[in-house]
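Student: Sending over a structure as structure tokens; questions will come in a sec.
Just so it is clear, none of the values below were taken in a lab; they were calculated from the coordinates. Only a predicted model underlies this, so the values are computations on that prediction, with no experimental measurement involved. Cβ: placed from backbone, ideal geometry, glycine included. Neighbour counts: every protein chain shown.
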Amino acid sequence: MNAPDARLEKTDSTRPRQAARPASLAGRLAENAARNFDQWFRALTRPPLASCAPPSAFAMAAIVATLVVVVASMFLVDATASEWARHEPNWFRDMFEKITDFGLSGWFLFPLGFLLLVQAVLISPQSKCLTQGVLVTLAARFGFLFLAIGVPGLFVTIVKRAIGRARPYVGGHDDPFSYAPFVWRPEYASMPSGHATTAVAAAIAIGAIWPRTRILMWLYAATIMISRVAVLAHHVSDVIAGALIAVIGAYLVRRWFAARRLVFSPKDLQASTAPSLPRITGALREAIASAGLKY
């Protein structure tokens, strides 16, 4: 007589836990997203698990040399380059007007943000451990790319308006030394170049994850930098300064991840081996099925 009662008691004790789970598909997916974003934030903000080697003397010297080049360009190159761009034929400028839009950060941040959201929704405790591991590995890479591109871009967006350097030919003439700090107007937001920062940060970040793309990404970055001068949106020193901030910003984000043993090794900052495409495909299918979605 005790056995039926025990089974009944066990059944009753499980009912509150079952009722606590979101009943709808949307509720379960929202719960996944909230839980995963919380875990990712904790992983990114936890104390370092390892120490990274300090920047080399060569790297520090390169930063100082680039700063010297930025200042020298203001005196020796900026006005000449703007005058050259001003007298180029219309078809030449129109071509670069189309090209330069590909330096907008939205081309990278919106897709990466969407991919992170998809990962957060799909990673569920109901999935297999292997599936969760593959998807978390992908999410860490997408998160690095998002921050390595977005953080330098956000910094430049704020700093350039505080500096208040005039763009070429504001007021009808070009003066590389025209400044109006803290006016927060687009025509006085020339230094550093946001497009150059985004393009160079993307080249560094994507190249760090997928080294075979480095040549293509640096060609892209160089084209965007040239386009900003060709369309008279920036001086040469602006794009060099933007590139320098991108290099420093992406490097610091990479070190931050490596110190927490995320994506990169703290010893040499090299990316860990990524899951193969078949394994990624299999993990996505299993996660979609576990989430109760149809495909």
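Student: Let a ≥ b ≥ c be the square roots of the eigenvalues of the Cα gyration tensor of the range 199-295; is it rounded (a/c under 1.5), or, if not, prolate (a/b larger than b/c) or oblate?
Tutor: prolate
Student: To the nearest 20 debye, what is the magnitude of the charge dipole of the chain about its Cα centre, counting +1 on the Cβ of each Lys and Arg and -1 on the Cβ of each Asp and Glu?
Tutor: About 1280 debye.
Student: Using just the C-alpha positions of the range 153-223 as equal point scatterers, what log10 of I(q)/I(0) does the Debye formula give at each q in 0.27 1/Å?
Tutor: Relative scattering, expressed as log10 I(q)/I(0), comes to -1.04.
Student: Further question: Using only Cα atoms and rounding to the nearest 10 degrees, what angle (0 to 90) does helix 106-122 make with the longest principal axis of the chain?
Tutor: 10 degrees
Student: Efficiency by 1/(1 + (r/R0)^6): what FRET value for residue 177 and residue 39, r their Cβ-Cβ distance, R0 = 41 Å, to the nearest 0.05?
Tutor: E(calc), rounded to 0.05, equals 0.25.
Student: Show the residues, 5+ positions off or on another chain, whose built amide H is closer than 5 Å to the amide H of residue 165.
Tutor: 180, 190, 191
Student: Another one. Take each of the peptides 114-126, 188-200, average the number of other beta-carbon atoms within 10 Å over its residues, and list them starting from the highest.
Tutor: So the peptides 114-126, 188-200, ranked by packing, come out 188-200, 114-126.
Student: OK, next. Kindly provide log₁₀ I(q)/I(0) values, in the same order as q = 0.12 Å⁻¹, from the Debye equation applied to equal alpha-carbon scatterers of the chain.
Tutor: -0.87
Student: Peptides 67-80, 47-60: what's the order by average Cβ count within 10 Å, highest mean first?
Tutor: Most protected by this proxy first, the peptides run 67-80, 47-60.
Student: If you take the square roots of the eigenvalues of the alpha-carbon gyration tensor of the range 32-124 and sort them as a ≥ b ≥ c, do you get rounded (a/c under 1.5), prolate (a/b over b/c) or oblate?
Tutor: oblate
Student: If you don't mind, there's one more thing I want to ask. Taking Cα atoms, how many degrees apart are the long axis of helix 214-230 and the longest axis of the chain, rounded to 10 and kept between 0 and 90?
Tutor: It is inclined by approximately 50 degrees.
Student: Relative to the longest principal axis of the chain, what angle (0 to 90°, nearest 10) does the C-alpha long axis of helix 129-163 take?
Tutor: Computed tilt is about 30 degrees.
Student: Could you tell me the center-to-center distance, by alpha carbons, between the range 146-191 and the range 226-279 in angstrom?
Tutor: Between the Cα centre of the range 146-191 and that of the range 226-279, the gap is 21 Å.
Student: Given Cβ point charges of +1 (Lys, Arg) and -1 (Asp, Glu) and nothing else, what value in debye, to the nearest 20, does the dipole of the range 70-200 about its Cα centre take?
Tutor: 560 debye
Student: Same structure, new question: Using Cα-Cα distances under 8 Å and only pairs 6 or more residues apart, what relative contact order does the chain have, in percent?
Tutor: 26 percent.
Student: To continue, here is another question. Show me 275-285, 227-237 ranked by packing, highest mean number of other Cβ atoms within 10 Å first.
Tutor: 227-237, 275-285
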